[in-house]
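Inspection log for the structure reproduced underneath, given as structure tokens.
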Amino acid sequence: MKNQKKLQAVLFDVDGTLADTEQDGHRVAFNAAFQQFNLDWNWDIDLYGKLLEVTGGKERIRYYMENFVPTELNRNDVTNWIATLHKVKTKYFESQMETGSIPLRPGVARLIQELRQEKIKLAIATTTTMENVTSLLKSTLGAESIGWFDVIGAGDIVPLKKPAPDIYLWVLNQLNLPAQQCIAIEDSENGLKSARAAQIPTLITVSGYTNQQSFDGAVAVLSDLGEPAKSFTHIQGTTITKGWIDYETLNSLMD
Ligand code: XBP
Ligand code: MG
């Protein structure tokens, strides 16, 4: 069938999709906050991989407490205490982003620029805190890049985090577009479930922590978005003849 040019908006996840922020970004920031609070908690690389099943930093801290240090739950006003600890974690994450130590993943900057030229709407749908999104965008694409996104849906703006569809439904509503005219780019099973529950076609670029997850229901699963000089590896789903994702390939995935 002839390409119907249905694509109107691309919805990007942040952590693991725009950049590999988890292992050397969020994990390190959590540990720094724990140290500042004199907690002897240490989230090593393996443990953090397991904790990532729980999306959202505050939710992840609570889950850790429930399963690993349950007596800590007896603190006064534990919900508030977690929120304060998490605020400190966010500060650490932001200052780490300011150092520019975490780059965008292959093809991300190229694709964003191309979609802007094609006047395709750009949006973000993430469980991460808004300050983390803006600090990452600032350090990688420059402060003005925040304005390139028509909608940024982040953190606690919706009550239920991924894999619930809430954040994607919120972004679709703000964009005033039907799911079928959008594509989501995600790196995780929780992200895929969230986007699919909102009926949005979803392309997966796997990341270090997610490459063993299950991605049934994705349009395609790739190693990354690829660059003309360095093709992605195709893992599952629709065959894409070009070695990099651009506006034309995304649009053809909508057929
Ligand atoms: C990302 C997350 C986030 C970050 C931490 O999931 O789960 O919770 O790990 O962010 P996704 P906060 O990529 O699917 O959006 O600490 O700011 O919550
Ligand atoms: Mg992600």
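So the values come out like this:
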{"read-out": "Condition met for residue 113 (away from ligand 2 (no atom under 16 Å from the Cβ), open to solvent by 60 Å² or more (accessible area, probe 1.4 Å) and in a helix (DSSP H, G or I))", "value": "yes"}
{"read-out": "Filtered residue count, the range 39-67, keeping only those that are in a helix (DSSP H, G or I) and β-branched (Val, Ile, Thr)", "value": "2"}
{"read-out": "Cross-chain or 6+ apart pairs with Cβ under 6 Å, the range 184-205 first and within 20 Å of residue 112 (Cα to Cα) and more than 10 Å from ligand 2 (Cβ to nearest atom), then open to solvent by less than 10 Å² (accessible area, probe 1.4 Å) and among the polar types (S, T, N, Q)", "value": "184/202; 195/202"}
{"read-out": "Meets criteria (at pLDDT 95 or above, more than 23 Å from residue 108 (Cβ to Cβ) and more than 11 Å from ligand 1 (Cβ to nearest atom)) for residue 1", "value": "no"}
{"read-out": "Exclusive hit being within 11 Å of residue 13 (Cβ to Cβ) and open to solvent by 10 Å² or more (accessible area, probe 1.4 Å), set 211, 173, 190", "value": "190"}
{"read-out": "Matching residues in the range 118-141 - criterion: being without any contact (Cβ under 8 Å) to a residue 60 or more places away in the chain, away from ligand 2 (no atom under 16 Å from the Cβ) and open to solvent by 20 Å² or more (accessible area, probe 1.4 Å)", "value": "119, 131, 134, 138, 139, 141"}
{"read-out": "Test: residue in the range 226-239 that is surrounded by 19 or more Cβ atoms within 10 Å (Cβ to Cβ) and either touching a helix residue (DSSP H, G or I) at 6+ places or on another chain (Cβ under 8 Å) or not in a loop (DSSP other than H, G, I, E, B) (or both)", "value": "no"}
{"read-out": "All positions within the range 147-191 that are aliphatic (A, V, I, L, M) and not in a helix (DSSP H, G or I)", "value": "151, 152, 154, 158, 160, 164, 177, 183, 184, 185"}
{"read-out": "Yes/no for residue 220 being in contact with a Pro (Cβ under 8 Å, 6 or more places away or on another chain), surrounded by fewer than 24 Cβ atoms within 10 Å (Cβ to Cβ), of a type in the set (A, V, I, L, M) and touching a residue at least 12 places away in the same chain (Cβ under 8 Å)", "value": "no"}
{"read-out": "Residues within the range 116-137 that are assigned to a loop (DSSP other than H, G, I, E, B), more than 9 Å from ligand 1 (Cβ to nearest atom) and within 19 Å of residue 157 (Cα to Cα), tallied", "value": "0"}
{"read-out": "Residue match in the range 74-83 (condition: surrounded by fewer than 19 Cβ atoms within 10 Å (Cβ to Cβ), within 22 Å of the chain's Cα centre (by Cα) and not assigned by TED's automatic domain parsing to the domain that holds residue 193)", "value": "yes"}
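The values are calculated or read from the model by the stated rules, or taken from the named source; none is laboratory data. Source: prediction; values computed, not measured. No Cβ is skipped: glycine too gets one built from the backbone with ideal geometry, and neighbour counts run over all protein chains shown. Note: areas computed on protein heavy atoms with side chains; ligands, DNA, RNA excluded. Shrake-Rupley method; radii C 1.70, N 1.55, O 1.52, S 1.80 Å.
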